[in-house]
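Novice: What follows is a single structure, and I will ask about it in a moment.
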Amino acid sequence: MLSSRIIPCLDIRDGRVVKGVRFQNLRDAGDPAELAARYEAEGADEITLLDISATPEGRATAAQTVARVRRVLSIPLTVGGGVRAVADAARLMDSGADKIGVNTAAVARPDLITECANLFGAQCIVIAIDAAESAENLGRWVVRVRSGMGTTTIDAVAWACRAAELGAGEVLLTSWDPSSSLRPIATPPSRRMWIV
Amino acid sequence: MKPAPPEVVIIRTGSANLASVSAAFERLGAIPRISEDASLVASAPLVVLPGVGAFGAAMQHLRERGLDASLRDRIANNRPLLAICVGMQVLCEASDESPGVEGLGIVPGRITRFAVSLRVPQMGWNSISPTPAASLLRSDWVYFANSYRLARVPDGWEGARTDHGGEFASALERGPLLACQFHPELSGAAGLTLIERWLSLAATKEPLTC
């Protein structure tokens, strides 16, 4: 039987871990390799790095960060953020990622999922979904893009199913709650994705 | 005097994540060397066959470089080999993933897909239970990422069993040949100690000369 997993997700910008609320008011939270090693020692099952660098220089640093984390880590490493093409995924895989997270670019062009899955296999492709409960239609969760700043009308559960058909092996679901980052999720969409 | 760190030849297999496999061996003090040289793969003291991707693509990659013959030669001469994931699968006769493609045929049996009612791919940590006479494998939790598997440990082999909607063969061992459906390089301390035991077993073997 598969066990449940605990997967710390580290937001990385310009080679450092940053912490904020909904990617705003970021403050430095430490060195990615040190933090990843510490999480592994404390029992994490996997590590996810999310590159939130906004510049090409930052993106280049991300590949080096992945390589540094890989050297100290002996559990799976997923890397996401700014993956727009197979070449971006390949660069991160070469640096030491075991799995690639895709989000905004896959919403804009779903074939990206299939292209990556054909090259690396479904087990390497994680569809990252930021979902918010619809203000007009409570109980319905819709997809948000661009680090949560962009709204869509795409149903989160339907998108997860479509992504799986296109070749995603896992879903990384993030709740983008409109009212408070501390409010518990009343009707989590993950429950319904599981049933689907 | 400390012995020189062992060199481990890791076979370049298309899209496998070689960085993770290399990093695991580096952490254990070995020197990884990524290669697809057929004679090196046949004769090097330590060889790893990693594998990510489809069965057919992996076999085609091996065949085009003459590595299928190197691996058969290596195993026939009882030289240490660690095969991972699809690397384990290509040791078998064939796979439902790539109908019509012949595997290396070292291990009797055909690779089949998990039942459609299950979560596929199997992603995450699952437990392994070694067969009674297994010498390298121990009961532990390890990391899997696979849609296909060998249903049972064949007669004449030791190995380990895992439950994902029914039992399947999660590892095989015979002498210095260790094949894992899971990823020891991503299985934390459990994976590293398993690789360490394989390295130790390999080191006790007399060096073979051609």
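The values are calculated or read from the model by the stated rules, or taken from the named source; none is laboratory data. Only a predicted model underlies this, so the values are computations on that prediction, with no experimental measurement involved. Note that each Cβ is placed from the backbone with ideal geometry, even for glycine, and that neighbours are counted across all protein chains shown. Side chains are part of the model used for accessible areas, which takes the heavy atoms of the whole protein and leaves out ligands, DNA and RNA. Shrake-Rupley method; radii C 1.70, N 1.55, O 1.52, S 1.80 Å.
Novice: As an exercise: evaluate residue B:27 against (1) under 14 Å from the mean Cα position of the chain (by Cα); (2) open to solvent by 40 Å² or more (accessible area, probe 1.4 Å) and give the number of the one condition it does not meet.
Specialist: Every listed condition holds for residue B:27 apart from (1).
Novice: Something else: Considering every residue within the range B:155-163, establish whether at least one is open to solvent by 10 Å² or more (accessible area, probe 1.4 Å), within 12 Å of another protein chain (Cβ to nearest Cβ) and assigned to a strand (DSSP E or B).
Specialist: yes
Novice: On to the next question. Tell me the helices (runs of 4 or more DSSP H) entirely within the range A:49-163 that contain at least 1 residues that are over 24 Å from residue B:14 (Cα atoms) and charged (D, E, K, R).
Specialist: Once the helices (runs of 4 or more DSSP H) in the range A:49-163 are filtered for at least 1 residues that are over 24 Å from residue B:14 (Cα atoms) and charged (D, E, K, R), what remains is A:56-72.
Novice: Under the condition of being open to solvent by less than 10 Å² (accessible area, probe 1.4 Å) and in a strand (DSSP E or B), which residue from the range B:73-110 is farthest from the other protein chains (Cβ to nearest Cβ)?
Specialist: Once the filter is applied, the top-ranked residue is B:81.
Novice: While we're looking at this one, here's another question. I'd like the residue in the range B:172-193 that is under 9 Å from the mean Cα position of the chain (by Cα) and in a strand (DSSP E or B) and, out of all such residues, is farthest from the other protein chains (Cβ to nearest Cβ).
Specialist: So the residue we want is B:177.
Novice: Return the residues of the range A:131-151 that are under 23 Å from residue A:78 (Cβ atoms) and either hydroxyl-bearing (Ser, Thr, Tyr) or open to solvent by 20 Å² or more (accessible area, probe 1.4 Å) (or both); say none if nothing qualifies.
Specialist: Within the range A:131-151, A:144, A:146, A:147, A:149 meet the criteria.
Novice: Quick check on residue B:141: is it open to solvent by 60 Å² or more (accessible area, probe 1.4 Å), within 9 Å of chain A (Cβ to nearest Cβ) and in a strand (DSSP E or B)?
Specialist: Considered against the rule, which asks whether it is open to solvent by 60 Å² or more (accessible area, probe 1.4 Å), within 9 Å of chain A (Cβ to nearest Cβ) and in a strand (DSSP E or B), residue B:141 comes out as yes.
Novice: While we're here: Those residues that are open to solvent by 10 Å² or more (accessible area, probe 1.4 Å) and either within 14 Å of chain A (Cβ to nearest Cβ) or polar (S, T, N, Q) (or both), I need them from the range B:32-59; list them, please.
Specialist: Those that are open to solvent by 10 Å² or more (accessible area, probe 1.4 Å) and either within 14 Å of chain A (Cβ to nearest Cβ) or polar (S, T, N, Q) (or both): B:32, B:34, B:35, B:39, B:43, B:52, B:53, B:54, B:56, B:57, B:58.
Novice: Could you please find all residues in the range A:94-116 being of a type in the set (Lys, Arg) and either within 15 Å of the chain's Cα centre (by Cα) or within 14 Å of chain B (Cβ to nearest Cβ) (or both)?
Specialist: Of everything in the range A:94-116, just one residue is of a type in the set (Lys, Arg) and either within 15 Å of the chain's Cα centre (by Cα) or within 14 Å of chain B (Cβ to nearest Cβ) (or both), namely A:99.
Novice: Filter the range A:22-42 down to the residues that are part of a strand (DSSP E or B) and open to solvent by 80 Å² or more (accessible area, probe 1.4 Å) and list them by number.
Specialist: Across the range A:22-42, the qualifying residues are A:24, A:25, A:27, A:28.
Novice: Any idea which of B:135, B:200 is away from chain A (no Cβ under 12 Å), part of a loop (DSSP other than H, G, I, E, B), open to solvent by 10 Å² or more (accessible area, probe 1.4 Å) and not charged (D, E, K, R)?
Specialist: Being away from chain A (no Cβ under 12 Å), part of a loop (DSSP other than H, G, I, E, B), open to solvent by 10 Å² or more (accessible area, probe 1.4 Å) and not charged (D, E, K, R) holds for just one of B:135, B:200, which is B:135.
Novice: Then there is this: Could you list all residues from the range A:63-75 that are in contact with a Lys or Arg (Cβ under 9 Å, 6 or more places away or on another chain) and either open to solvent by 50 Å² or more (accessible area, probe 1.4 Å) or of a type in the set (Gly, Ala, Ser) (or both)?
Specialist: Correct list: A:63, A:71, A:72, A:74.
Novice: Follow-up. Checking residue B:193 against (1) modelled with pLDDT of 95 or more; (2) touching a strand residue (DSSP E or B) at 6+ places or on another chain (Cβ under 7 Å); (3) open to solvent by 10 Å² or more (accessible area, probe 1.4 Å), which single condition isn't satisfied?
Specialist: (2)
Novice: Tell me which residues, restricted to the range A:1-53, are in contact (Cβ under 8 Å) with a residue 40 or more places away in the chain, hydrophobic (A, V, I, L, M, F, W, C) and over 18 Å from residue A:74 (Cα atoms).
Specialist: Hits for the range A:1-53 are A:12, A:21, A:23, A:50, A:52.
Novice: Moving on to the next point. Which residue, of A:79, A:69, is among the aliphatic types (A, V, I, L, M) and under 16 Å from the mean Cα position of the chain (by Cα)?
Specialist: A:79
Novice: While we're looking at this one, here's another question. Does the range B:111-118 contain any residue that is within 26 Å of residue A:77 (Cβ to Cβ), loosely packed, with under 15 Cβ neighbours inside 10 Å and at pLDDT below 95?
Specialist: yes
Novice: Could I ask something else about it? Within the range A:152-174, can you find the residues that are touching a Lys or Arg at 6+ places or on another chain (Cβ under 8 Å) and open to solvent by 30 Å² or more (accessible area, probe 1.4 Å)?
Specialist: Hits for the range A:152-174 are A:152, A:155.
Novice: Please verify whether the range A:43-60 includes one or more residues that are surrounded by fewer than 21 Cβ atoms within 10 Å (Cβ to Cβ), more than 21 Å from residue B:85 (Cα to Cα) and within 11 Å of chain B (Cβ to nearest Cβ).
Specialist: Within the range A:43-60, one or more residues are surrounded by fewer than 21 Cβ atoms within 10 Å (Cβ to Cβ), more than 21 Å from residue B:85 (Cα to Cα) and within 11 Å of chain B (Cβ to nearest Cβ).
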